[in-house]
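See below for the structure under consideration.
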Amino acid sequence: MPYLRVLDLLAWGTPVRLTGPASITLGDDRISADSVDLRVGQHTRATLGGQLGVSPLPDPLRVHLDGPLSELIDIGARTAV
């Protein structure tokens, strides 16, 4: 199972950092993620798990954002440009 151990980037002026090791698998018809925990900006946390594919899958992708609304609005405004 492929592991992602480090992710530290700047996207549209917003820092995105992986907080710990995660598992990501790329297949012909799906992407699977497990234990993806990201720090986005200063105070926002994004967690991802499940599968995203070209057809319905038994474990659909789940995305959870937790952070102050003001920061989420600021991030959204920068990415909409």
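With the structure loaded, tell me whether LEU52 is of a type in the set (A, V, I, L, M, F, W, C), touching a Leu at 6+ places or on another chain (Cβ under 9 Å), touching a residue at least 12 places away in the same chain (Cβ under 8 Å) and assigned to a strand (DSSP E or B) or whether it fails that test. So that I can check it myself, show each step before the final result.
Details: of a type in the set (A, V, I, L, M, F, W, C): yes; touching a Leu at 6+ places or on another chain (Cβ under 9 Å): yes; touching a residue at least 12 places away in the same chain (Cβ under 8 Å): yes; assigned to a strand (DSSP E or B): yes.
Yes: the conditions hold for LEU52.
What tally of residues in the range 12-30 results from selecting those that are of a type outside the set (Phe, Trp, Tyr) and over 15 Å from LEU48 (Cβ atoms)?
Just the residues of the range 12-30 that are of a type outside the set (Phe, Trp, Tyr), to begin with: 13-30.
When the remaining residues are screened for being over 15 Å from LEU48 (Cβ atoms), the result is 13-15, 27-29.
Going through the range 12-30 one residue at a time, the tally reaches 6.
Residue under question is ASP28, and the condition is that it be without any contact (Cβ under 8 Å) to a residue 24 or more places away in the chain and open to solvent by 60 Å² or more (accessible area, probe 1.4 Å); does it hold? Step through it out loud before you land on a result.
Working: without any contact (Cβ under 8 Å) to a residue 24 or more places away in the chain: yes; open to solvent by 60 Å² or more (accessible area, probe 1.4 Å): yes.
Yes, satisfied.
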Query - Residues within the range 62-79 that are exposed (fewer than 13 other Cβ atoms within 10 Å of the Cβ), at pLDDT 90 or above and more than 24 Å from SER32 (Cα to Cα), tallied - result: 4
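The values are calculated or read from the model by the stated rules, or taken from the named source; none is laboratory data. In this text the structure is predicted, and so the values were computed from the model without any measurement. Virtual Cβ from ideal backbone geometry, glycine too; neighbours counted across all protein chains shown. SASA here: full protein model, heavy atoms, side chains in, ligands and nucleic acids out. Shrake-Rupley method; radii C 1.70, N 1.55, O 1.52, S 1.80 Å.
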